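What follows is a single structure, written as structure tokens, with notes after it.
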Amino acid sequence: MRRLILHVLALALAGAPVAHAQLRPDQRRAELNTLLDALRTASSERYAAVLETRIRQLWLEQGSPAVVLMINRGQRDLGNEAAAAALSDFNTAITLAPDLPDAYFGRALARYAGGDYHGALADIEQTLKLEPRHFPAFEALSRIAEALHDDKGALAAWQKALDLSPKTPGGAERLKALTLKVQGEST
């Protein structure tokens with residue numbers, strides 16, 4: 001386990017792409033389990049960021065090349081503030097791979113960007129049903145809950161995100177802010 005993590009870290013720090021031959025599903029699951037366990041105990045934000053990058057790669061690699069293309073297009077569209085185009089891309093990805101968590105996660109982000117918070121929540125729920133350790137989904141869930149003025153829900157989701165990835169940049173500060181908001185509500 002340590003050797004794999006050090007290898008991934010060394011490649012990422014050297015600027016080399018972390019590419020592996022196509023893994024069998026059991027190999028991918030084993031690597032994911034190892035990396036997700038390591039993420040919980042990461043010693044620094046930088047180390048955690050390397051682990052998160054590889055974890056997200058493994059999640060994405062579960063899809064076919066066509067699905068990966070659609071997800072990448074959707075992410076690009078979101079970056080260009082084209083939520084409707086992104087939604088179309090993620091819908092296509094879901095049609096092609098209805099069991100891929102990142103397709104639902106991407107669509108959740110597109111729906112959120114388009115103001116469809118309830119649709120975004122449904123997609124986050126599906127993402128977490130397919131991959132209960134999807135820490136970016138918990139981060140997004142926290143942001144959506146906060147946008148809906150559900151500070152307790154935002155806090156609970158953020159705590160779960162930090163349980164999975166304790167070295168999230170700004171994580172402790174956000175946890176403190178959400179905790180203060182919730183405590184202010186109860187007084």
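Figures for the structure shown
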| read-out | value |
| --- | --- |
| Accessible carbon and sulfur surface of the chain relative to its total accessible area, %, 1.4 Å | 55 percent |
| Reach of K181 by Cα under 12 Å, taken over aspartates and glutamates that are not fewer than 8 positions away in the same chain | E146, D150, D151 |
| Top positive-direction residue, dipole computed over region 53-187 with Cβ charges, set A145, A108, A161 | A161 |
| Packing-based order for 105-116, 25-36, 148-159, using average beta carbon neighbours within 10 Å, highest first | 105-116, 148-159, 25-36 |
| A66 versus T34: modelled label distance in nm, points set 7 Å from Cα along the beta carbon direction | 3.3 nm |
| Cα-centred dipole magnitude for the chain, charges only on beta-carbon of K, R (+1) and D, E (-1), debye, nearest 20 | 580 debye |
| GNM top mover of A161, A137, A177 - the chain, alpha-carbon springs below 10 Å | A177 |
| Nearby lysines by direct alpha-carbon distance to K129 (threshold 17 angstrom, same-chain neighbours under 8 apart not counted) | K160 |
| Of the DSSP H helices in the chain, those whose Cα atoms cover at least 15 Å axially and whose Kyte score averages -0.5 or more | 2-13, 45-60, 65-79, 83-96, 101-113, 117-130, 135-147, 151-164, 171-186 |
| Whole-number accessible area per residue in Å² for region 96-187, which is evaluated in the context of all protein chains at 1.4 Å | 48 Å² |
| Charged-residue dipole, Cβ positions (Lys, Arg, Asp, Glu), region 89-187 about Cα centre, Debye nearest 20 | 260 debye |
| The chain: most fluctuating residue of Q75, Q22, Q62 per GNM, C-alpha cutoff 10 Å | Q22 |
| Relative intensity, log₁₀ I(q)/I(0), of the chain from a Debye sum that treats every alpha carbon as a point, q = 0.19 Å⁻¹ | -1.36 |
| For the chain, with +1 on Lys and Arg beta carbons and -1 on Asp and Glu, the positive-most of A97, S43, G79 along the dipole | S43 |
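The values are calculated or read from the model by the stated rules, or taken from the named source; none is laboratory data. Since the model is a prediction, treat every value here as computed from it, not as a measurement. Cβ coordinates were reconstructed from backbone atoms using ideal geometry, including for glycine residues, and neighbour counts include every protein chain displayed. To get the accessible areas, we keep the full protein, side chains included, count just its heavy atoms, and leave off ligands, DNA and RNA. Shrake-Rupley method; radii C 1.70, N 1.55, O 1.52, S 1.80 Å.
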